Amino acid sequence: MNYKKIFLTAFILVLSVQSLYTLNTIFSADINFKQGKIALSQGIYDSALLYFNSAIEKNPNESYYYEGRSQSLVFLSLLSEKPEDRKALKDLALKDLEYGFNLNPKNLRFIRNNISTYYFLGVKNTEMPVTYDYDFRDTVKDYFYFIKTAYPTDVGILVDLYKYEKLLGWEEDYIVTLDRIKSLRPDLLDWHPYLIN
């Protein structure tokens, strides 16, 4: 009997089963994430939160899952009637945003996608004019400043920043952003919907 061959066969079998299990778990996490995004787009934030929680439980190393969960937490906070609940939900959302960022600090898609999430962190309502949530105002300012400094020539990011700085009424900030856009791509001022007054 060749024990070496039996051991090798058993080892390969265990490795194959483990690989299939891992792939299945990651695939299942992706399905939960997609279900969460659908629920989020339909405004069913509590269901979205459950799907994102499940995705994170199955694969805690994917930054987009934290992005989704932070968005559902922020929107749930805006619907909450109790100030302490709103703050607790936003604290959790911010923790997810920071954790997701730290998983891959160079992920430009993650950084750009969360400009709007940070905006919603910084407000108490979605009607115009917005009411600031002063617990998170400085956090939002810091994030916007970080992006502007890290990606000073990325016009797509600057246009998004301009949109949300303007919604927040941060005139000093959005004028600087607009000037930078003008110097990089003056043609955008003629046709981009965020830039046409």
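Output the residues belonging to the range 127-161 that are in contact (Cβ under 8 Å) with a residue 12 or more places away in the chain and among the hydroxyl-bearing types (Ser, Thr, Tyr).
Answer for the range 127-161, where residues must be in contact (Cβ under 8 Å) with a residue 12 or more places away in the chain and among the hydroxyl-bearing types (Ser, Thr, Tyr): Tyr132, Thr139, Tyr143, Tyr151, Thr153.
If I filter the range 178-197 down to residues being touching a residue at least 12 places away in the same chain (Cβ under 8 Å) and not in a helix (DSSP H, G or I), which single residue comes out as nearest to the chain's Cα centre (by Cα)?
Tyr194
Just to be sure, is Val140 closer than 27 Å to Asn53 by Cβ and of a type in the set (Val, Ile, Thr)?
In short, yes.
Rundown of residues vs (1) among the small types (Gly, Ala, Ser); (2) buried (at least 20 other Cβ atoms within 10 Å of the Cβ), yes/no style:
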| site | (1), (2) |
| --- | --- |
| Glu127 | no, no |
| Thr131 | no, no |
| Ala150 | yes, no |
| Val155 | no, no |
| Glu165 | no, yes |
| Leu168 | no, yes |
| Glu172 | no, no |
| Ile175 | no, no |
| Asp187 | no, no |
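Considering the range 110-122 alone, what residues qualify as being within 18 Å of Gly169 (Cβ to Cβ) and surrounded by fewer than 21 Cβ atoms within 10 Å (Cβ to Cβ)?
First, pick out the residues of the range 110-122 that are within 18 Å of Gly169 (Cβ to Cβ): 115-116, 118-122.
Within the range 110-122, Ile115, Ser116 meet the criteria.
I'd like to check something: does the range 130-144 contain any residue that is β-branched (Val, Ile, Thr) and in a helix (DSSP H, G or I)? Outline the logic, then answer.
Kept after step one, since they are β-branched (Val, Ile, Thr), are these residues of the range 130-144: 130-131, 139-140.
Of the ones still in play, those that are also in a helix (DSSP H, G or I) are 139-140.
There is at least one residue in the range 130-144 that is β-branched (Val, Ile, Thr) and in a helix (DSSP H, G or I).
Among the residues of the range 100-126, what is the count of those that are without any contact (Cβ under 8 Å) to a residue 24 or more places away in the chain and either of a type in the set (D, E, K, R) or within 19 Å of Leu89 (Cβ to Cβ) (or both)?
Within the range 100-126, the subset without any contact (Cβ under 8 Å) to a residue 24 or more places away in the chain is 102, 105-106, 109.
Add one more test, that the residue is either of a type in the set (D, E, K, R) or within 19 Å of Leu89 (Cβ to Cβ) (or both), and what stays is 106, 109.
Here the count works out to 2.
Name the single residue that is farthest from the chain's Cα centre (by Cα) among those in the range 70-109 being farther than 22 Å from Tyr132 by Cα and among the basic types (Lys, Arg).
That would be Lys106.
Can you pull out every residue in the range 110-129 that is within 10 Å of the chain's Cα centre (by Cα) and outside any loop (DSSP other than H, G, I, E, B)?
Residues satisfying the conditions are Phe110, Ile111, Arg112, Asn113, Ile115, Ser116, Thr117, Tyr118.
I need every pair where a residue in the range 45-69 that is more than 21 Å from Arg86 (Cα to Cα) has its Cβ under 6 Å from the Cβ of a residue that is of a type in the set (Ser, Thr, Tyr), sequence separation at least 6 or different chains.
That search, which allows pairs on different chains as well, returns Ala55/Tyr65; Ile56/Tyr65; Lys58/Thr25; Lys58/Ser28.
Bear in mind that the values in this text are calculations on the coordinates, not laboratory data. Source: prediction; values computed, not measured. Every residue, glycine among them, receives a Cβ derived from its backbone with ideal geometry; neighbour counts consider all protein chains shown.
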